[in-house]
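The values are calculated or read from the model by the stated rules, or taken from the named source; none is laboratory data. The model shown is predicted, which means the values in this text are computed figures rather than measured ones. Using ideal geometry, Cβ is built from the backbone for each residue, glycine included, and neighbour counts are taken over all protein chains shown.
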Amino acid sequence: MTSMPKTIAVIGAGGQMGKWFSRYFEKKGFEVSGFDPDNPILKTIKKCETLIGAILHVDYVLLSTPTKKTPEIIRLIAKEMKRESYLIDITSQKSKTSTALGKVPAKVTPICIHPMFGPGANGVKNQNIISIPIKDGKKELTVAKNLFPDANFVTIDSTEHDKKIALILGLTHLINIAFANILAKDDKILLTEKMAGTTFKAQKIIAESILTESPELIETIISNPEIRRVAEEFWKDVGRLLTSAQEGNSDQIVSYINSNKEKLSESVNLEKSYKKLTKMVNTIEK
């Protein structure tokens, strides 16, 4: 006798990540259904007409919904979900979602994860997924590892998660959308590209690819309250370096660079990083 396929409902199934997870679970042999009031979902999965209708009888519910709306959706659906089901949240900011997940009834197991990849990923092999313990961290992590067996897992609490993400996603997005704005104002961009070197090419690709994400997601990422600390430090350093340059304090700039070089060299081989950058850009240009 064959066992019944597991069932999963993807809420927000028409978004980029919603589609990605729909395909992923289809390949895994799940029976996938989806709900999305705003965007068309994949034709291969079952379409649900209502949010509650989507979540009533399934084993797993995955929320691929905007961070700001997720806590409210958790409150709406958790008590309606079936016994021994799992509610999976993948938002990029955890302070409010983790609180909402902590309040779900005992019949539902909360799975709070943050997949550190975008819709362009070819699967989860070698991708990082952050796991945030809610009630029984060990059990929750086991469930997550069963769903994504090829991923690398890191466990961290929600407060520390948001602090780290402020640097990993917040600062990188902030720098790159401001950089993209400068590029957008360049009326001789073709000439700029002809003159470009390795560093500029790599930076430009990063900035442009960040702009393929939804503006709402980028807004959420840079609205992380924890970003202020790192962003203000960055801002101050930029100001200090420009002032030193204008005042001709080259010694200050050189010692600033050397101290960073020393600190970073403790944990990473900088020469190797430069080789990786060159290799990366050469691969792109083939």
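Could you go through the stretch 178-197 and let me know if any residue there is in contact (Cβ under 8 Å) with a residue 40 or more places away in the chain and assigned to a helix (DSSP H, G or I). Can you show your working first?
Within the stretch 178-197, the first condition is being in contact (Cβ under 8 Å) with a residue 40 or more places away in the chain, and the residues that meet it are none.
Looking through the stretch 178-197, none of the residues is in contact (Cβ under 8 Å) with a residue 40 or more places away in the chain and assigned to a helix (DSSP H, G or I).
So which residues in the stretch 8-32 are surrounded by fewer than 23 Cβ atoms within 10 Å (Cβ to Cβ) and farther than 24 Å from Glu216 by Cα?
Phe25, Glu26, Lys27, Lys28, Gly29, Phe30, Glu31
Return the total of residues in the stretch 198-221 being farther than 20 Å from Gly12 by Cα, surrounded by 13 or more Cβ atoms within 10 Å (Cβ to Cβ) and touching a residue at least 60 places away in the same chain (Cβ under 8 Å).
Counting residues in the stretch 198-221 that are farther than 20 Å from Gly12 by Cα, surrounded by 13 or more Cβ atoms within 10 Å (Cβ to Cβ) and touching a residue at least 60 places away in the same chain (Cβ under 8 Å) gives 4.
Suppose we filter the stretch 124-156 for residues that are farther than 26 Å from Gly29 by Cβ, under 16 Å from the mean Cα position of the chain (by Cα) and not in a strand (DSSP E or B); how many remain?
1
Just one of the numbered conditions (1) touching a residue at least 12 places away in the same chain (Cβ under 8 Å); (2) surrounded by fewer than 22 Cβ atoms within 10 Å (Cβ to Cβ); (3) in a loop (DSSP other than H, G, I, E, B) is not true of Ile41; which one?
(2)
Answer with yes or no whether Ile55 is closer than 22 Å to Ile222 by Cα and either surrounded by 22 or more Cβ atoms within 10 Å (Cβ to Cβ) or not assigned by TED's automatic domain parsing to the domain that holds Tyr24 (or both).
Working: closer than 22 Å to Ile222 by Cα: no; either surrounded by 22 or more Cβ atoms within 10 Å (Cβ to Cβ) or not assigned by TED's automatic domain parsing to the domain that holds Tyr24 (or both): yes.
Against the criterion (closer than 22 Å to Ile222 by Cα and either surrounded by 22 or more Cβ atoms within 10 Å (Cβ to Cβ) or not assigned by TED's automatic domain parsing to the domain that holds Tyr24 (or both)), Ile55 does not qualify.
Between Leu101, Leu76, Leu62, which is touching an Asp or Glu at 6+ places or on another chain (Cβ under 9 Å) and more than 30 Å from Leu211 (Cα to Cα)?
Values: Leu76 fails: touching an Asp or Glu at 6+ places or on another chain (Cβ under 9 Å); Leu62 fails: more than 30 Å from Leu211 (Cα to Cα).
Selected residue: Leu101, the only one of Leu101, Leu76, Leu62 that is touching an Asp or Glu at 6+ places or on another chain (Cβ under 9 Å) and more than 30 Å from Leu211 (Cα to Cα).
Search the stretch 266-280 for residues that are under 11 Å from Thr198 (Cβ atoms) and assigned by TED's automatic domain parsing to the domain that holds Ile205 and pair each with any residue that is part of a helix (DSSP H, G or I) and hydroxyl-bearing (Ser, Thr, Tyr) when their beta-carbon atoms are under 8 Å apart and the residues are at least 6 apart or on different chains.
Leu277/Thr198; Leu277/Thr199; Thr278/Thr198
Under the condition of being assigned to a loop (DSSP other than H, G, I, E, B), of a type in the set (A, V, I, L, M, F, W, C) and more than 21 Å from the chain's Cα centre (by Cα), which residue from the stretch 80-108 is surrounded by the most Cβ atoms within 10 Å (Cβ to Cβ)?
We begin by selecting, within the stretch 80-108, every residue assigned to a loop (DSSP other than H, G, I, E, B); these are 81-84, 90-94, 103-107.
Cutting the leftovers down to of a type in the set (A, V, I, L, M, F, W, C) gives us 81, 90, 104, 106.
From what's left, more than 21 Å from the chain's Cα centre (by Cα): 81, 104, 106.
Numbers: Met81: 24, Val104: 19, Ala106: 7.
Among residues in the stretch 80-108 that are assigned to a loop (DSSP other than H, G, I, E, B), of a type in the set (A, V, I, L, M, F, W, C) and more than 21 Å from the chain's Cα centre (by Cα), the one surrounded by the most Cβ atoms within 10 Å (Cβ to Cβ) is Met81.
Is the stretch 59-67 home to any residue that is within 19 Å of Ile129 (Cβ to Cβ), among the small types (Gly, Ala, Ser) and not in a helix (DSSP H, G or I)? Before you say what the answer is, go through the steps one by one.
Of the residues in the stretch 59-67, the ones within 19 Å of Ile129 (Cβ to Cβ) are 60-65, 67.
Filter again for among the small types (Gly, Ala, Ser), leaving 64.
Filter once more, keeping what is not in a helix (DSSP H, G or I): 64.
Yes.
From (1) surrounded by 12 or more Cβ atoms within 10 Å (Cβ to Cβ); (2) assigned to a helix (DSSP H, G or I); (3) in contact with a helix residue (DSSP H, G or I) (Cβ under 9 Å, 6 or more places away or on another chain), pick out the condition that doesn't hold for Asp251.
With respect to (1) surrounded by 12 or more Cβ atoms within 10 Å (Cβ to Cβ); (2) assigned to a helix (DSSP H, G or I); (3) in contact with a helix residue (DSSP H, G or I) (Cβ under 9 Å, 6 or more places away or on another chain), Asp251 is out only on (1).
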